[in-house]
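Remarks on the structure that follows.
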Amino acid sequence: MNAIENREKALEEIYFLNSEMAFKVRSRRDRLLAVWVCGITGAADVKAYVGEIVDLRMSGADDEAVIAKILADLRSTGNDLDERALRERMKTLSVAATQDIARQPSL
C-alpha cells in the first residue's frame, strides 16, 4: 500500500468508529430518556416502554419522531412537559450517555 491508500484506509476506519460511537450514544441516551419518562408518567413496565422507544428508533425514526412519541405519551398521561424542556433533557442525557460509554472498557 502506498501512503494515499494508507491514509484513505485510516480515514475510513475513523469514520466507522465515529459512526459506531454516535449510534451507541444515541441508543444509550434513548434508553435513559425512556426510563426518565417512565418516572414522570408512573409507568409500571419500564422495560416495555424502553422497548417501544428502541423499536421506534430501529424502524428508522429520527430524534423528531422520538420527541413526538414521548410528548404524545406524556400528554396522554396528563403531563404537559414542553418540547424545549424535553430537548434540554435529551442534551443532558446525551452527555451522560457519552460519559457512560467512554468509561466502558474496549473489547
*With a sphere of radius 13 Å drawn around the Cβ of ALA61, what net charge do the other residues whose Cβ falls strictly inside it have (Lys, Arg +1; Asp, Glu -1)?*
-3
_Between 0 and 90 degrees, rounded to the nearest ten: what's the tilt of helix 3-41 against the longest Cα principal axis of the chain?_
10 degrees
*Under a Cβ-Cβ cut-off of 12 Å, what is the net charge of the residues other than LEU81 that fall near it, where Lys and Arg count +1 and Asp and Glu count -1?*
-1
*Once the piece of chain linking ALA48 and ARG87 is laid out straight, how much longer is it, given 0.36 nm per residue of separation minus the C-alpha distance between them?*
11.8 nm
*Fully extended, how many nm does the chain gain between SER27 and ASN79 (0.36 nm per residue separation, minus their Cα-Cα distance)?*
16.3 nm
*asked:* If the reach is capped at under 30 angstrom between alpha carbons, list the lysines near LYS47, excluding any in the same chain fewer than eight residues apart.
replied: LYS24, LYS69, LYS91
*Cβ charges +1 (Lys, Arg) and -1 (Asp, Glu), total dipole of segment 1-51, debye*: 280 debye
*Considering Cα pairs under 8 angstrom that are at least six residues apart, work out the relative contact order of segment 25-103 and quote it in whole percent.*
44 percent
_Acute angle (nearest 10 degrees) that the helix 46-58 long axis makes with the longest principal axis of the chain, alpha-carbon atoms_ = 50 degrees
*Helix 63-76 vs. the chain, principal-axis angle (Cα, 0 to 90°, nearest 10)*: 10 degrees
*Take the Cβ-Cβ distance between ARG7 and ALA102 as r, set R0 to 30 Å, and report the resulting FRET efficiency rounded to the nearest 0.05.*
0.70
_Multiplying the sequence separation of LEU17 and ALA65 by 0.36 nm and subtracting their Cα-Cα distance, what value in nm do you get?_
14.7 nm
*Place a +1 charge on the Cβ of each Lys and Arg in segment 25-103 and a -1 charge on the Cβ of each Asp and Glu, then give the dipole magnitude about the Cα centre in debye, rounded to the nearest 20.*
340 debye
*Using bins 5 angstrom wide from zero, how does P(r) for the chain break down, in % of all Cα pairs?*
2, 11, 18, 20, 16, 10, 7, 5, 4, 3, 2, 1, 0
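Bear in mind these aren't lab numbers, they're just calculated from the coordinates by the rules spelled out. Because the structure is predicted, anything quoted here is derived from the model rather than measured. Here Cβ is always computed from backbone atoms with ideal geometry, including for glycine, and neighbour counts include all displayed protein chains.
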